[in-house]
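Quick notes on the structure that follows.
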Amino acid sequence: MMSFRFETPWALVVFLVPALLWLWQRRRGRGRRRAAVAFSSVANASRAGLSWRQRLLWLPGAVRYLAIAALGVALARPQAGRELVQDVSQGIAIEMVLDRSGSMQYELEFEGRTLNRLDTAKEVFKRFVFGHGRSLPGRPNDLIGMITFARYADTICPLTLSHGVLKPFLDPVRLVDREDEDGTAIGDAVALAAARLHTAEETMARQTSKNKDSYQIKSKIIILLTDGENNCGRRRVEEAGDLAAQWGVKIYAIGIGGGEAFRVISTPLGDYRQAISLPPMDTRPLEELASRTGGLFRLASDAQSLQAVYEEIDRLERSEVESVRYVNYKELYQPFALAGLVLLALAQVLTSTWFRRIP
């Protein structure tokens, strides 16, 4: 934000100088007669009209007064200031670990729309990051990254403070379409996310040239969202939990299961939605995973309860930002001082040449 001020505003009284000079000259001129040459009649001279020189007799005085005004402004030292805000943050490093296995195809009702579980999770995660109403104010000060998994875990977006890049990475995420890639490797995905968070300080140092103390990672968390059980991969869920606990990473595990689900059946007459009954989800591994790292587990049966879980996490994990404000002023007197000197010189040249009076 720009601001303007005069460092020595009392110098602006110089604007009164022209008026004082005019009054002084007027009083001094009373009772005094200028030198003149006597003529019998000036009628012919008056009929001849005024020359350009006579019409512009006021010009040297006006230039001199402008010079005084410009020098007065220069003495007042005008300054333009820009308010700068330096945010000293204690942020949170968050890895979103999202299941994209085939079972995430089952559909949910989401605010009048029908979305599969994966797309519903993506929409709620966007609200968590970018904000949605009063319940989800957004996470502008946090390092956020994304990992997706089915049979294999992949880093979709590295930890970043530039959240504008998250949507282009998140939007193309789709369900697996190959059978040999389907599966639920929760252990591998959590271990990968924990490793990314373990080196979050190094990631932050590469992304910014700020002082290392300008951003401090207050806590590191994983938000794991899945609807299945670990059935493939190198690491077991318990091993991944031990790594996360060792590195001080907290896990918030969200299971999507129960409630009413739908699947689309394609027929020659069109696509039909069929309500299905799914077996209850075994939540014990996720509960133990969250408990082992100091996090929590929640089961979401629909889109509303899923958003409620994110709102709870948002309340539990908040960043701390301290704004340091200062104003950087730039001196602007130089152009006024230069203009004043140039105008004084011009006034002197005019009175010594074209507007010179004799005597």
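The values are calculated or read from the model by the stated rules, or taken from the named source; none is laboratory data. Remember, predicted model here, so these are calculated numbers, not experimental data. Quick reminder, even Gly has a Cβ in these numbers, built from the backbone with ideal geometry, and neighbours come from all protein chains shown.
Just one of the listed residues (138, 233, 164, 183) is in a loop (DSSP other than H, G, I, E, B) and either over 20 Å from residue 254 (Cβ atoms) or without any contact (Cβ under 8 Å) to a residue 40 or more places away in the chain (or both), namely 138.
Is there a residue being surrounded by 10 or more Cβ atoms within 10 Å (Cβ to Cβ), modelled with pLDDT under 65 and within 26 Å of residue 344 (Cα to Cα) anywhere in region 53-66? Scanning region 53-66, I find no residue that is surrounded by 10 or more Cβ atoms within 10 Å (Cβ to Cβ), modelled with pLDDT under 65 and within 26 Å of residue 344 (Cα to Cα), so the answer is no. Pairs please, first residue from region 292-312 and under 21 Å from residue 245 (Cα atoms), second anywhere and of a type in the set (Asp, Glu) and in a helix (DSSP H, G or I), Cβ atoms under 6 Å, 6+ apart in sequence or on different chains. Between residues of region 292-312 that are under 21 Å from residue 245 (Cα atoms) and residues that are of a type in the set (Asp, Glu) and in a helix (DSSP H, G or I), the close pairs are 297/287. The residue that is modelled with the highest pLDDT, among those in region 275-319 that are β-branched (Val, Ile, Thr) and outside any helix (DSSP H, G or I), is 293. One residue alone among 188, 142 is in contact with a His (Cβ under 9 Å, 6 or more places away or on another chain), surrounded by 16 or more Cβ atoms within 10 Å (Cβ to Cβ) and more than 19 Å from residue 119 (Cβ to Cβ), and that residue is 142.
Annotation note: Cβ proximity below 7 Å between a residue of region 103-124 that is over 12 Å from residue 173 (Cβ atoms) and touching a residue at least 24 places away in the same chain (Cβ under 8 Å) and a residue that is assigned to a strand (DSSP E or B) and among the polar types (S, T, N, Q) (sequence gap 6+ or interchain) occurs for 105/116; 106/116; 107/114; 107/116. Quick check: anything in region 88-109 assigned to a helix (DSSP H, G or I), among the small types (Gly, Ala, Ser) and within 30 Å of residue 344 (Cα to Cα)? Within region 88-109 (the criterion being assigned to a helix (DSSP H, G or I), among the small types (Gly, Ala, Ser) and within 30 Å of residue 344 (Cα to Cα)), the answer is no, since none of the residues qualifies. Flag not set for residue 144, criterion: touching a helix residue (DSSP H, G or I) at 6+ places or on another chain (Cβ under 8 Å) and either modelled with pLDDT under 85 or assigned to a loop (DSSP other than H, G, I, E, B) (or both). Quick one: in region 325-359, of everything that is surrounded by 15 or more Cβ atoms within 10 Å (Cβ to Cβ) and under 12 Å from residue 64 (Cβ atoms), which residue is modelled with the lowest pLDDT? Only one residue tops the list, namely 355.
Condition first: in the same structural domain as residue 228 (by TED's automatic domain parsing) and modelled with pLDDT of 90 or more. Can you find one or more residues in region 104-114 that meet it? Yes, the conditions are met somewhere in region 104-114.
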